[in-house]
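The values are calculated or read from the model by the stated rules, or taken from the named source; none is laboratory data. Small disclaimer: the values here were computed from a predicted structure and weren't measured. Glycine gets a Cβ as well: all are built from the backbone with ideal geometry, and neighbour counts include every protein chain shown.
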Amino acid sequence: MKRTALALLATLALATSAAHAVEYNQVQVDKSQIAFGFQQMGVSMDGSFKKFSSQLRFDPAAPQAATASIEVELASVDTGSAEGDGEVARKTWFNTKDFPAARFQSSAVKALGGNRYEVAGTLTIKGTSKDVIVPATFTPQGNTGVFEGSLTIQRGDFSIGEGAWKAFDIVANDVVIKFRITAAAK
């Protein structure tokens with residue numbers, strides 16, 4: 001009888017914790033943003049991308065099982081001017097004709113405590129793939145959650161800026177990619 005009672009309690013505990021498990025997996029692109037910042041002739045510049053898609057699976061109770069992928073349409077770049085948008089689409093910068101998208105695919109998620117995480121994965125831009133670690137935070141907001149973070153890359157590693165733009169004297173090598181991804185729980 002004692003074993004039956006313990007088994008019943010264990011089953012109820014497991015059922016209760018499973019009922020409270022929440023998986024955030026419905027990305028709300030209209031409430032999300034991917035942006036970037038860089039230095040040009042010592043002046044801070046910012047931009048963003050208007051079009052991207054993302055798949056996400058994240059349960060705060062099991063972050064190690066999380067997966068994330070993001071695909072950014074590079075031609076949707078918004079530098080703040082039509083001239084700048086046209087320039088960065090050219091072959092010397094993003095070469096959007098041959099490489100229309102940049103991609104990130106996660107491979108592991110590590111919880112750091114306090115809603116902070118490290119997301120390991122592969123970033124691919126202009127046909128070059130690099131392993132990266134992306135620091136991120138997660139903030140639950142009712143039935144949605146917000147993932148925020150930033151990552152500094154070197155544009156030279158991805159051949160962003162070729163020919164006369166390969167040097168880093170006018171446009172710095174460091175580019176900060178910033179993201180805010182909002183996802184609903186299902």
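So the values come out like this:
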{"quantity": "Output for region 36-54, where each listed residue is in contact (Cβ under 8 Å) with a residue 12 or more places away in the chain, assigned to a strand (DSSP E or B) and either of a type in the set (Val, Ile, Thr) or farther than 20 Å from Gln141 by Cβ (or both)", "calculated": "Phe36, Gly37, Phe38, Gln39, Gln40, Met45, Asp46, Gly47, Ser48, Phe49, Phe52, Ser53"}
{"quantity": "Test: Thr96 is touching a residue at least 24 places away in the same chain (Cβ under 8 Å), farther than 18 Å from Phe138 by Cα, of a type in the set (Ser, Thr, Tyr) and surrounded by 13 or more Cβ atoms within 10 Å (Cβ to Cβ)", "calculated": "no"}
{"quantity": "Residues (farther than 18 Å from Ser150 by Cα and assigned to a strand (DSSP E or B)) located in region 160-186", "calculated": "Val171, Ala184, Ala185"}
{"quantity": "Whichever residue in region 100-143 is part of a strand (DSSP E or B) and out of contact with any strand residue (DSSP E or B) (no Cβ under 9 Å at 6 or more places or on another chain) and, among such residues, is modelled with the lowest pLDDT", "calculated": "Gly113"}
{"quantity": "Residues located in region 159-186, provided they are closer than 18 Å to Ser48 by Cβ and not polar (S, T, N, Q)", "calculated": "Ile160, Val171, Asp174, Val175, Val176, Ile177, Lys178, Phe179, Arg180, Ile181"}
{"quantity": "Subset of region 56-88 (residues that are farther than 25 Å from Gln28 by Cα and buried (at least 17 other Cβ atoms within 10 Å of the Cβ))", "calculated": "Val88"}
{"quantity": "Test: residue in region 151-169 that is under 20 Å from Asp46 (Cα atoms), surrounded by 15 or more Cβ atoms within 10 Å (Cβ to Cβ) and of a type in the set (Val, Ile, Thr)", "calculated": "yes"}
{"quantity": "Residue satisfying condition, being in contact with a helix residue (DSSP H, G or I) (Cβ under 8 Å, 6 or more places away or on another chain), among the charged types (D, E, K, R) and under 23 Å from Ala184 (Cβ atoms), within set Lys50, Lys126, Lys110", "calculated": "Lys50"}
{"quantity": "Exclusive hit being of a type outside the set (Gly, Ala, Ser) and touching an Asp or Glu at 6+ places or on another chain (Cβ under 8 Å), set Thr144, Thr124, Thr128", "calculated": "Thr128"}
